[in-house]
Amino acid sequence: SGPVGQHFDPVAVLEKGYIVGRLQRVYEIFSGGPRRSEISPHFAARVEQEELVREQPDAGLQLSALGLIDAYLGKKEEALREGSQAVELVPVAKSSLEGADALYCFAVICTLTGERDLAFQQLEVLAKIPAGATYGDLRLNPYWDPLRDDPRFNTIVASLAPKQVASR
């Protein structure tokens, strides 16, 4: 977890290869196609992250990171399983900060894999816990772009909106 008031950034848990992979994806989008001469940095990051999970099988956030990589690689079933297992390893009731981080990652995984209903289930919980989702994150973070057209998303965002302070 980050400092108080900051939300967990799943990318921060990942190895360098993952970040390089995301940058390569941006390059591909803007250049019109992949650079085929390289091995996928996502795959390289997955190998590294899988090793970290093997070394620390009870580290829920490491498993969450692996789930995020698998979601980006299109490995839907693996990603969902890893995200769900991470939430079981560090439930919010056991660790409010790491549990919220694992739940946040699982919500992102669900969103990336197209499991909208499951993503909303996680976001509804995150909106109700102190270390959960924040108004600014939901409004601005591109992770949530696939959910923005759903009225459930707007309801959750509205529930987190800052309240007007009455002036004296």
Can you work out which of the residues in the stretch 133-146 that are without any contact (Cβ under 8 Å) to a residue 40 or more places away in the chain and within 19 Å of Asp101 (Cβ to Cβ) is most open to solvent (accessible area, probe 1.4 Å)?
Leu140
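Just one of Ala133, Ala158 is touching a Leu at 6+ places or on another chain (Cβ under 7 Å) and on the phi < 0 side of the Ramachandran plot; which is it?
Ala133
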Of those in the stretch 116-132 that are buried (at least 19 other Cβ atoms within 10 Å of the Cβ) and of a type outside the set (A, V, I, L, M, F, W, C), the residue nearest to Gly74 (Cα to Cα) is Gln122
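The values are calculated or read from the model by the stated rules, or taken from the named source; none is laboratory data. Note that the structure is a prediction, hence the values are computed from the model and not measured. Please note: Cβ atoms are built from the backbone with ideal geometry, for glycine as well, and neighbour counts cover all protein chains shown. We work out accessible area using only protein heavy atoms, side chains counted, and drop any ligands, DNA or RNA first. Shrake-Rupley method; radii C 1.70, N 1.55, O 1.52, S 1.80 Å.
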